[in-house]
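The values are calculated or read from the model by the stated rules, or taken from the named source; none is laboratory data. Keep in mind it's a predicted model, so treat the numbers as computed, not measured. FYI the Cβ positions are ideal-geometry reconstructions off the backbone, even for glycines, and counts take in every protein chain you see. SASA here: full protein model, heavy atoms, side chains in, ligands and nucleic acids out. Shrake-Rupley method; radii C 1.70, N 1.55, O 1.52, S 1.80 Å.
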Amino acid sequence: VTAPAQYPHTGALPPAGTPAGAAALPAASVIPTSQHPAELQSAVKCSAVAADVVIVGGGIVGAACAYFASRAGLSVIVLERSAVAAGTTGAGEGNILVSDKLPGAELAMALRSVELWQQVAAELGPDSIELERKGGVVVAATGDSMAALQILSETQIRAGVRVELLDGGDLHDLEPHLAPGLDGGAFYPQDMQVQPMMAAARMAQQAAIRGADVRLGVAAVGLLTSSGRVTGVQTTDGAIACRWVVNAAGTWGGELSTLFGAEIPVLPRRGFILVTEPLAPLVRHKVYAADYVANVASSSGGLEMSSVIESTMAGTILIGASRERVGFDRTLSVPIVRRLARQAVDLFPILASVKVMRVYHGFRPYSPDHLPVVGPDDRLPGLLHACGHEGAGIGLAPATGELITEQITGVAPTLDATPFAPSRFGATQP
Amino acid sequence: MTSFRFDDREVPFQPGQTVAAAQINTDILSWRRTRKAARPRGLFCGIGLCFDCLVIIDGTPNQRGCLVPAQDGMSVKTQEGNGFVAPAQ
């Protein structure tokens, strides 16, 4: 007897924006048992599950997984121990970038995500997530730096990225307030920006409209297994039977994987961002110094800084970016803040007269090879990971949600999933 | 008596008072209008965190009224929107 997946009626109010009656709808079409991979048949037949998939984490990646899984007809529960976007999602700039990526698996995922973000925006309404197709401008201060940027851009173009090389004059046409005397740069029209907290909330909300249950204030504390397969998740609010569990805990995905007995290496890389007072439009694109790409790819444990500047729809300007491995240390570093401000003024002298309104920080989830950890865990069937996106989680979230959904439903993946496989770290049987 | 100018009126203050404290003491409750809906704003948190009490002081916008000590003869003006008159081009 096949136990149908049921939308759990917890008595909780539906999330804001859910149309009246949506919570009472039956679960969206459940994937027929015949479509599940053969080895899962017994598990599917035996358990009366509360949902097909439990996603742990209500950041952008968890929200995207819920969005795509619910769209594919899976019944979904999202567990978020705090609030939607309370972790790294709410501590970044909302960048969707292809420009800062070298050719390879991450760039392929970024290019797919750029397509998907536009589809997501079309469904949710671009304004509701402040999606801006503004393009990115990479600035090369010196001739050497310009030569390096030119070589990088040629490899990117072969990988499908659109790039327009710029001389000093072109740069100032695109960004009139840039400092004089810069050698040149490159324009990346595919780069976009989104308001990450709104994007996560709206994707989670859309999943809820499709029947997903988003439970805030509930943390996962362990897995339930039977015969070496996941059968559910233990939470601070009781056990939930399910077929698949997705670790979308972002920077805390490493800790969660340990709790689940299937460890993956994901650790924090701290960054500070300065927020200026709201201004009339002054910085038009996402603007960053060419050395940012090298810093992103670097494995140094020390402090790395490069200038990354963009405005938001609210009129503020966000100034980054620092990278350092100091664990989850939340201490404000005045020297770093000062240096970020000075770098920003070097690039945009007009910012010298602008006030910084606040400073925030966050922890990027990095893996040893700087690639996200996305896919099934070979050690524990039923467990999938979707974390470790470092500073690119907003941009890479939709393609991650799509890939996880394809892997769960057994559809051939749009992207080559091999480079993201959790087993690449030399997984051992638990 | 020390005082500063707020728009078209004089606001008296005790030495050591902030601009916001003097305004409240003079029954002035709003000195900014929001960027999108032009709604009135004044003192909210009173400790420099919320940036609700922004005001133009001596020509400089986005000053937190709750932190800036009142000075004799200061010019304080209602801040409309982001406080900048024209786009900073």
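Could you sort the residues of the stretch A:251-277 by number and keep only those whose accessible area is reduced by 30 Å² or more in the all-protein-chain setting relative to the chain alone, 1.4 Å probe?
Going by heavy-atom accessible area, the residues of the stretch A:251-277 that drop by at least 30 Å² are A:Glu277.
Assuming R0 = 35 Å, can you tell me the calculated FRET efficiency for the pair A:Ala294 and A:Leu174, based on Cβ-Cβ distance, to the nearest 0.05?
On the way: r = 22 Å, r/R0 = 0.64.
The pair A:Ala294/A:Leu174 has a calculated efficiency of 0.95.
For chain A, set up a GNM with springs between Cα atoms under 10 Å and report which of A:Ala280, A:Ala397, A:Ala249 has the largest fluctuation.
A:Ala280
Where both partners of a DSSP beta bridge lie in the stretch A:223-264, what percent of those bridges are antiparallel, to the nearest 5?
Here the antiparallel bridges make up roughly 90 percent for the stretch A:223-264.
Take every Cα-Cα distance within the stretch A:248-354, group them into 5 Å bins from 0 onward, and report for each bin the whole-number percent of pairs it holds.
Taking all Cα pairs of the stretch A:248-354, the binned fractions are 2, 11, 19, 19, 16, 14, 9, 5, 3, 1, 0 percent.
So, counting K/R as plus one and D/E as minus one, what does the shell of residues with Cβ under 11 Å around A:Ile129 add up to? Each step should come with its number before you reach the end.
Values: positive: A:Arg202; negative: A:Glu123, A:Asp127, A:Glu130, A:Glu132.
Value of the local net charge: -3.
Calculate, for the stretch B:9-56, the solvent-accessible area per residue in square angstrom, rolling a 1.4 angstrom probe over the heavy atoms of the protein chains. Before the final figure, lay out the partial values.
Values: 2770 Å² over 48 residues.
Here the per-residue accessible area is 58 Å².
Would you mind giving the average projected area, over all directions, of the Cα convex hull of the stretch A:202-290 in nm² with one decimal?
Mean orientational projected area (the stretch A:202-290, Cα hull): 10.2 nm².
What net charge is computed for the residues neighbouring A:Pro398, neighbours being all others with C-beta under 13 Å from the C-beta of A:Pro398, Lys and Arg scored +1, Asp and Glu -1?
Numbers: positive: A:Arg71, A:Arg112, A:Arg202; negative: A:Glu115, A:Glu123, A:Glu402, A:Glu406.
Taking every Cβ under 13 Å from that of A:Pro398, the sum is -1.
Restricting attention to chain B, which trypsin sites (Lys or Arg not before Pro) occupy a DSSP loop and are surrounded by at most 15 other Cβ atoms within 10 Å?
Numbers: sites: B:Arg5, B:Arg9, B:Arg32, B:Arg33, B:Arg35, B:Lys36, B:Arg41, B:Arg64, B:Lys77; in loops: B:Arg35, B:Lys36.
The qualifying sites are B:Arg35, B:Lys36.
Report, largest value first, the span of the C-alpha coordinates of the stretch A:120-260 along each principal axis, in whole Å.
Result, largest extent first: 63, 33, 27 Å.
Calculate one ³J(HN,Hα) per residue across the stretch A:93-104 by plugging θ = phi - 60° into the Karplus curve 6.51 cos²θ - 1.76 cosθ + 1.60, and present them in order as whole Hz with x for glycine and proline.
10, x, 7, 10, 10, 9, 5, 8, 10, 7, x, x
Leaving out ligands, DNA and RNA, what percent of the accessible area of the stretch A:123-164 is carbon and sulfur, probe 1.4 Å? Write down the numbers at each step before the final one.
Working: 1070 of 2110 Å².
Its accessible area is 51 percent carbon and sulfur atoms.
Can you spot the lysines whose alpha carbon is less than 26 Å from A:Lys101's alpha carbon? Ignore those fewer than 8 places along the same chain.
List returned: A:Lys134, A:Lys286.
Take the solvent-accessible surface of the protein heavy atoms, probe 1.4 Å, and return the percent of it on the stretch A:278-428 that carbon and sulfur atoms account for. It would help to have the intermediate numbers written out before the result.
Values: 3150 of 5360 Å².
Solvent-exposed carbon and sulfur of the stretch A:278-428 make up 59 percent of the total.
Rounded to the nearest 0.05, what FRET efficiency do A:Ser227 and A:Ala159 have when you use their Cβ-Cβ distance and R0 = 45 Å? Don't skip to the end; give the middle numbers.
Working: r = 43 Å, r/R0 = 0.96.
Plugging the Cβ-Cβ distance into 1/(1 + (r/R0)^6) gives 0.55.
If the elastic network links every pair of Cα atoms under 10 Å, which of A:His370, A:His172, A:His389 fluctuates the most in the Gaussian network model of chain A?
In this elastic network of chain A, the residue with the biggest mean-square fluctuation among A:His370, A:His172, A:His389 is A:His172.
Taking 41 Å as R0, compute the FRET efficiency from the Cβ-Cβ separation of A:Ile151 and A:Tyr360 and round it to 0.05.
Numbers: r = 35 Å, r/R0 = 0.85.
Efficiency, from the Cβ-Cβ distance: 0.75.
For chain B, which whole percent of the accessible surface, found with a 1.4 angstrom probe, sits on carbon and sulfur atoms?
On the way: 2670 of 5060 Å².
Roughly 53 percent of what the probe reaches on chain B is carbon or sulfur.
Where both residues lie in chain A, what percent of DSSP beta bridges are antiparallel, nearest 5?
On the way: 47 of 69 bridges.
If I count the DSSP bridges inside chain A, around 70 percent turn out antiparallel.
Averaging over every viewing direction, what projected area does the convex hull of the Cα atoms of the stretch B:13-70 cover, in nm²?
On the way: hull surface 15.7 nm².
Averaged projected hull area, Cα only: 3.9 nm².
Give me the percent of DSSP beta bridges within chain B that run antiparallel, rounded to the nearest 5. Mind showing how you got there, number by number?
On the way: 13 of 17 bridges.
Taking every DSSP beta bridge within chain B, about 75 percent pair in antiparallel fashion.
What aspartates and glutamates sit close enough to A:Lys355 to cross-link, taking a C-alpha to C-alpha distance under 13 Å and skipping anything fewer than 8 places away on the same chain?
Cross-link targets: A:Glu277.
Given the C-alpha atoms of the protein assembly as shown, compute the convex hull and give its volume per residue in Å³.
Residue-normalised Cα hull volume stands at 160 Å³.
Under 18 Å from a point 7 Å along the Cα-to-Cβ line of A:Asp416: which residues of the stretch A:76-114 have their amide N that close?
Counting only backbone N, you get A:101-113.
With a 1.4 Å probe and every protein chain left in place, work out the accessible area per residue of the stretch A:244-378 in Å², rounded to a whole number. The partial results should precede the final answer.
Working: 4730 Å² over 135 residues.
Per-residue value: 35 Å².
Work through the residues other than B:Pro61 whose Cβ is under 13 Å from its Cβ and net out their charges, Lys, Arg +1 and Asp, Glu -1. Could the numbers behind the result be given before it?
On the way: positive: A:Lys355, B:Arg32, B:Arg33, B:Arg35, B:Arg64, B:Lys77; negative: A:Glu277, B:Asp58, B:Glu80.
Here the charged neighbours net out to +3.
Mean-square fluctuation check for chain A, GNM, Cα pairs under 10 Å: which of A:Arg325, A:Arg158, A:Arg342 is largest?
A:Arg158
Please give the contour-minus-distance gain from A:Gln234 to A:Gln119: 0.36 nm per residue of separation, less the Cα-Cα distance, rounded to one decimal in nm. Provide the component values of the computation, followed by the final result.
Details: separation 115, 0.36 × 115 = 41.40 nm, distance 3.45 nm.
Taking 0.36 nm per residue and subtracting the Cα distance, the gain is 38.0 nm.
Tell me the total accessible area that B and A bury against each other, 1.4 angstrom probe, in square angstrom rounded to 100. Let's see the in-between values first.
Numbers: alone 5580 and 16680 Å², together 21230 Å².
Result for this pair: about 1000 Å² buried.
Can you tell me the orientation of helix A:143-158 relative to chain A, as the angle in degrees between its alpha-carbon axis and the longest Cα principal axis, to the nearest 10?
Compared with the principal axis, the helix lies near 30 degrees.
Per residue, how large is the accessible surface of the stretch A:381-430? Use a 1.4 angstrom probe and give square angstrom.
Details: 1640 Å² over 50 residues.
For the stretch A:381-430, the solvent-accessible area averages 33 Å² per residue.
Give me the base-10 log of I(q)/I(0) for the stretch A:312-386 at each q in 0.20 Å⁻¹, Debye formula, one uniform scatterer per Cα, rounded to two decimals.
For the stretch A:312-386 at q = 0.20 Å⁻¹, log10 I(q)/I(0) is -0.97.
Using Cα centres only, tell me the gap between the stretch A:275-349 and the stretch A:385-415 in whole Å.
Each part's Cα centre sits 27 Å from the other's.
Between the chain alone and the structure with every protein chain in place, find the residues of the stretch B:2-51 that drop at least 30 Å² of accessible area; heavy atoms, 1.4 Å probe.
B:Arg35, B:Phe51
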